[in-house]
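Single-structure report; data block below.
What follows draws every value from the coordinates through simple rules; no lab data is involved. Quick caveat, the model's predicted, so the values are computed rather than measured. Cβ sites come from the backbone with ideal geometry, for glycine too, and all protein chains shown count toward neighbours.
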Amino acid sequence: MGTTNLIDYRKIHRPAGQLFTAATRSEEIPKYTLSPEQVRFYETNGYLKGIRVLEERQLQCLRDRLEQMVADDFPRRSELIGLTAAAGGATKNQQMIYFQGAWFVDDAFHDLLFNAEMTVPLSQLLGTNRVRFWHDQLFYKPARHGGVVAWHQDYSYWTRTVPVGHITCFVALDDTTLENGCVHVVPGSHRWNLLPTVKLTGGMEDMEAIKQVLSPEQLAQFKPVPMMLKAGEASFHHCLTLHGSYPNTSPNPRRGVVLNFIRPDVRSDTDKPLMPGTPPIPKGAVVEGENFPIVFDANQLTQN
Ligand SMILES: O=C(O)CCC(=O)C(=O)O
């Protein structure tokens with residue numbers, strides 16, 4: 001079990017175990033590659049859905065590890081960022097269980113970052129030979145709890161890094177449906193201006209806050225579509241694509257792993273730490289180092 005030996009997986013910039021395969025050989029790349037139509041769809045609409053990235057055994061392992069992490073007795077709970085200390089199983093009565101840093105403490109969540117099923121499409125969608133990991137987020141909607149993720153653009157929360165060269169991959173650990181709060185996107189909104197931040201998680205009263213700052217043209221274009229996924233599938237969205245999700249009213253949890261990636265030339269735009277607990281990267285310097293591994297490098301692929 002990868003969570004008992006206190007390894008800091010941030011120090012390992014390749015898969016630590018056998019659960020996921022990284023892209024290392026050029027001959028393997030075609031099997032992970034998106035079609036030109038899929039890339040065009042992403043460029044036009046700012047999202048792409050329904051890409052299978054997990055096999056059943058990988059899915060089951062990630063679900064099990066996540067359940068261990070959100071249990072009150074998880075030994076490395078204090079290392080997870082943003083997970084409120086719960087007592088007596090209170091966690092699952094929250095509207096939303098949210099935290100970052102699963103990849104620090106668990107080999108399966110760490111190795112997922114390097115999964116070629118994800119990293120090859122990411123390099124295509126970012127239009128770059130090298131893909132860098134930015135950070136992770138767990139969005140766990142417990143059964144029958146009324147939490148939303150309000151409409152937002154991811155980059156509104158990331159302006160401390162420039163230029164815009166960020167992408168999000170949502171990996172479904174459960175089928176996502178209208179009833180359990182699948183993510184919705186506004187197609188084409190990746191061409192809109194940068195919008196302000198809003199309170200990200202909350203109740204239905206928080207969902208529509210962004211509408212107060214949309215122009216009449218944007219309001220007219222506000223035609224969300226649901227991105228329903230099968231467990232083990234992923235969706236990708238551009239960091240300016242407006243997206244959000246409604247409450248989980250179903251009798252089962254809706255668990256999603258959100259992985260954020262950047263182009264390799266994205267720089268720090270602040271002298272403060274970019275993420276909680278990370279050393280500062282001086283303003284103007286490339287975002288790199290232990291906390292921001294390269295997860296795919298087309299220049300390093302072997303030929304045989
Ligand atoms: O899990 C959710 O419902 C929201 C996820 C999200 O905001 C994202 O994928 O960027």
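What the table shows:
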{"quantity": "Segments 229-235, 120-126 sorted - mean Cβ within 10 Å per residue, highest first", "calculated": "120-126, 229-235"}
{"quantity": "Computed E for residue 194/residue 7 - FRET, C-beta separation, R0 45 angstrom, nearest 0.05", "calculated": "0.75"}
{"quantity": "At R0 = 45 Å, FRET efficiency that the Cβ-Cβ distance of residue 64 and residue 222 yields, to 0.05", "calculated": "0.70"}
{"quantity": "Net charge dipole size for region 21-300 [Lys, Arg +1 and Asp, Glu -1 on Cβ; Debye, nearest 20]", "calculated": "460"}
{"quantity": "Helix-only [θ]222 nm of the chain, DSSP H runs n ≥ 4, -39500 (n - 2.57) each, per residue, nearest 500", "calculated": "-5000 deg cm²/dmol"}
{"quantity": "5 angstrom amide H check on residue 202, placed H, neighbours 5+ away", "calculated": "148, 150"}
{"quantity": "Nearby lysines by direct alpha-carbon distance to residue 272 (threshold 21 angstrom, same-chain neighbours under 8 apart not counted)", "calculated": "283"}
{"quantity": "Summed side-chain charge close to residue 275 - residues other than residue 275 whose Cβ falls under 12 Å, Lys, Arg +1, Asp, Glu -1", "calculated": "+1"}
{"quantity": "Label-to-label distance, nm, for residues given as residue 271 and residue 72 (7 Å Cα→Cβ offset)", "calculated": "4.5"}
{"quantity": "Cβ-based net charge around residue 151, under 10 Å, with every Lys or Arg adding one and every Asp or Glu removing one", "calculated": "-1"}
{"quantity": "Förster radius 22 Å - calculated FRET efficiency between residue 55 and residue 303 (Cβ-Cβ, nearest 0.05)", "calculated": "0.25"}
{"quantity": "In Hz, Karplus ³J(HN,Hα) per residue of region 25-31 (6.51, -1.76, 1.60; θ = phi - 60°; x = Gly, Pro)", "calculated": "10, 4, 5, 7, 4, x, 6"}
{"quantity": "Among 142, 115, 162 the positive-end extreme of the charge dipole of the chain (Cβ point charges)", "calculated": "162"}
{"quantity": "Span per principal axis, largest first, for the Cα atoms of region 165-213 (Å)", "calculated": "32, 30, 16"}
{"quantity": "Contact order normalised by residue count of the chain, Cα under 8 Å, 6+ apart, percent", "calculated": "28"}
{"quantity": "Electrostatic dipole magnitude of region 30-176 [Cβ: Lys, Arg +1; Asp, Glu -1; Cα centre; debye, to 20]", "calculated": "320"}
{"quantity": "Using alpha carbons only: equivalent-ellipsoid semi-axes of region 21-300, gyration tensor based, whole Å", "calculated": "25, 24, 21"}
{"quantity": "Distance (nanometres) between label positions extended 7 Å along Cα→Cβ at residue 25 and residue 160", "calculated": "4.2"}
{"quantity": "Those lysines that a straight Cα-Cα span of less than 16 Å connects to residue 223, excepting residues fewer than 8 apart in one chain", "calculated": "211"}
{"quantity": "GNM top mover of 189, 35, 215 - the chain, alpha-carbon springs below 10 Å", "calculated": "215"}
{"quantity": "Theoretical gain in end-to-end length, residue 129 to residue 249 [0.36 nm per residue, Cα-Cα removed]", "calculated": "39.1 nm"}
{"quantity": "The chain: most fluctuating residue of 18, 60, 212 per GNM, C-alpha cutoff 10 Å", "calculated": "212"}
